[in-house]
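Accompanying notes for the structure given below.
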Amino acid sequence: RDVTGVQTCALPISPLHCQPTQLALVGSLNQCASIDPAARYCGSTSGGLTAIFNVTSSTHHYELDLQIAPFSGPGDYWMGQRIGEVEFYADGYADEWIAVAGDLTVLDNEGRSGTIQVILEPSRDNGAATPLSVVGPWSCG
């Protein structure tokens, strides 16, 4: 029996062919996007890590906000446990998605780089009906 097109993985597999340094924005947007080299803000203490990035595709500008509290160095930080939070904004702040599953991986003690693999649901005020998956590397430059 042939069962094609069925996905059993909790996080979507990206159908996009993005560059290794790009984020795959799958679902509502279906685009590859790059984090601007200079982060708008990156900071970490033992209390938490915050990184705010401008993200650009070939046609749009976005904002990606990462937060981890408490921050204890390199490792995986899961969504939904009040440890990791991710928010994604499109069209200024008109459309917002909030992470409900997945994880942020931090690769260094200062919290300046890592990977993201999260599923975000549209906020109540967002006109988008479909979730958004963000997968790829992040770096504070």
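The values are calculated or read from the model by the stated rules, or taken from the named source; none is laboratory data. This is a predicted model, so every value here is computed, not measured. Quick reminder, even Gly has a Cβ in these numbers, built from the backbone with ideal geometry, and neighbours come from all protein chains shown.
Close Cβ contacts (under 6 Å, 6 or more residues apart or on different chains) running from residues in the stretch 15-42 that are β-branched (V, I, T) to residues that are not in a strand (DSSP E or B) comprise V26/P12; V26/S14.
G47: farther than 23 Å from Q19 by Cβ and out of contact with any helix residue (DSSP H, G or I) (no Cβ under 6 Å at 6 or more places or on another chain), yes or no? Yes.
Every condition in (1) closer than 19 Å to F53 by Cα; (2) at pLDDT 90 or above; (3) not aliphatic (A, V, I, L, M) holds for Y93 except the one numbered (2).
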